[in-house]
């Protein structure tokens, strides 16, 4: 007997083959019952064929159940992979958001530095300083609120 790898395709093929065999055996049993009693197989032979048909049907049912179980297992594995990917994407988005907030804070610090550096030649620029510091405070507050706990 050859060793076959159990795959969904193999299980489904086995199921279909067993169902065909069962249907063929059922046809033969039905044909026997249609014959006149004197030409018909004995009741023991008919019972044996019926038992064989039932065993084939049980095998087909078992193969189909394995096929479904295998398919569900693959679906579950795919769902777990997708879930893991979503979590990783969420982590990346969170890191990007933190990086974005960090860049905004650094940008505001640079603006403040530019205002202070140019204040010697242009005292009007110092008037921007309170707004810039308020904006910086808001950005720092936002960044702290977004920090992971």
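Each value in this text was obtained by applying a stated rule to the coordinates, not by laboratory testing. Bear in mind that the values here come from a model prediction, so they are computed numbers and not experimental data. Positions of Cβ are backbone-derived with ideal geometry, glycine not excepted, and every protein chain shown enters the neighbour counts.
For this structure, a couple of remarks:
- Hits in the stretch 70-103 (condition: within 15 Å of residue 7 (Cβ to Cβ), free of Cβ contacts under 8 Å to residues at least 12 places away in the same chain and surrounded by 11 or more Cβ atoms within 10 Å (Cβ to Cβ)): 73
- Comparison of 75, 86, 29, 82 shows that the only residue that is in a helix (DSSP H, G or I) and under 30 Å from residue 144 (Cα atoms) is 86.
- Test for residue 60: is it over 30 Å from residue 10 (Cα atoms), in contact with a helix residue (DSSP H, G or I) (Cβ under 9 Å, 6 or more places away or on another chain), surrounded by 14 or more Cβ atoms within 10 Å (Cβ to Cβ) and without any contact (Cβ under 8 Å) to a residue 60 or more places away in the chain: no
- Residues located in the stretch 104-136, provided they are touching a residue at least 12 places away in the same chain (Cβ under 8 Å) and assigned to a loop (DSSP other than H, G, I, E, B): none
- Hits in the stretch 123-149 - residues which are surrounded by 10 or more Cβ atoms within 10 Å (Cβ to Cβ) and more than 30 Å from residue 94 (Cβ to Cβ): 125, 126, 127, 128, 129
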